[in-house]
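This report concerns only the one structure given below.
The values are calculated or read from the model by the stated rules, or taken from the named source; none is laboratory data. Fair warning: this is a prediction, and the values are worked out from it, not measured in the lab. Note: ideal-geometry Cβ built from the backbone for every residue, glycine included; neighbour counts use all protein chains shown. Protein only, heavy atoms only, side chains kept; ligands, DNA and RNA dropped before computing areas. Shrake-Rupley method; radii C 1.70, N 1.55, O 1.52, S 1.80 Å.
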Amino acid sequence: MTVLTINLKNVPIDLPGQIIVDAKEYEELKQRADYDRWWTTKDLKERYGHDLDWFKDKVLYQPKFKRDLELCVIPAKGPGSTWQFEPTKFSTFMREEFKEIGNGF
């Protein structure tokens, strides 16, 4: 954590290109930016540390998860198309099924 302590009175400080917000608001802004768009397989790799082949094997092509995934995943439709994941529902699914998915390790 960075600490900024200033004990100056009536001394303007110019911080060009900088915006100061409290930590709670900053975290909310980061989360909103991350969840306001659909995730791709690249996003999954960054968040969970596994590539698409791992997700296909352990999660996406598992019959026991099919119904839940229909609510938050759009599979690639062919060459040139990409998988799309609704971030809020998919991350909830991953948390709720963590133990079950982990049984395959």
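The residues packed around residue 89, meaning those with a beta-carbon under 13 Å from its beta-carbon, carry a net charge of -3 if Lys and Arg are +1 and Asp and Glu are -1. Taken about its Cα centre, segment 1-58 carries a charge dipole of roughly 20 debye when the Cβ of each Lys and Arg holds +1 and the Cβ of each Asp and Glu holds -1. Explain nothing, just the number: relative contact order of segment 40-86, from Cα pairs under 8 Å at least 6 residues apart, as a whole percent. Value for segment 40-86: 34 percent.
With all protein chains in place and a 1.4 Å probe, the accessible surface of segment 22-105 carries 52 percent carbon and sulfur.
Per residue, the accessible area of the chain comes to 82 Å², computed with a 1.4 Å probe over protein heavy atoms only.
Rounded to the nearest 20, the size of the Cβ-charge dipole of segment 19-103 about its Cα centre is 320 debye, with Lys and Arg at +1 and Asp and Glu at -1. Note on the chain: dipole from Cβ charges, positive end direction compared against 63, 15, 4; the farthest Cα belongs to 63.
Values (1) -0.47, -0.63; (2) -0.54, -0.69; (3) -0.67, -0.79 are given for comparison; log10 I(q)/I(0) by the Debye sum over Cα atoms at q = 0.14, 0.16 Å⁻¹, derived from the coordinates here, is the one labelled (3). Within the chain, the GluC sites (Glu not before Pro) that combine a DSSP coil assignment with at most 13 other C-beta atoms in a 10 angstrom radius are 70. Once all protein chains are placed together, residue 24 keeps about 150 Å² accessible to a 1.4 angstrom probe. Under the criterion of Cα pairs below 8 Å and six or more residues apart, the relative contact order for the chain equals 24 percent.
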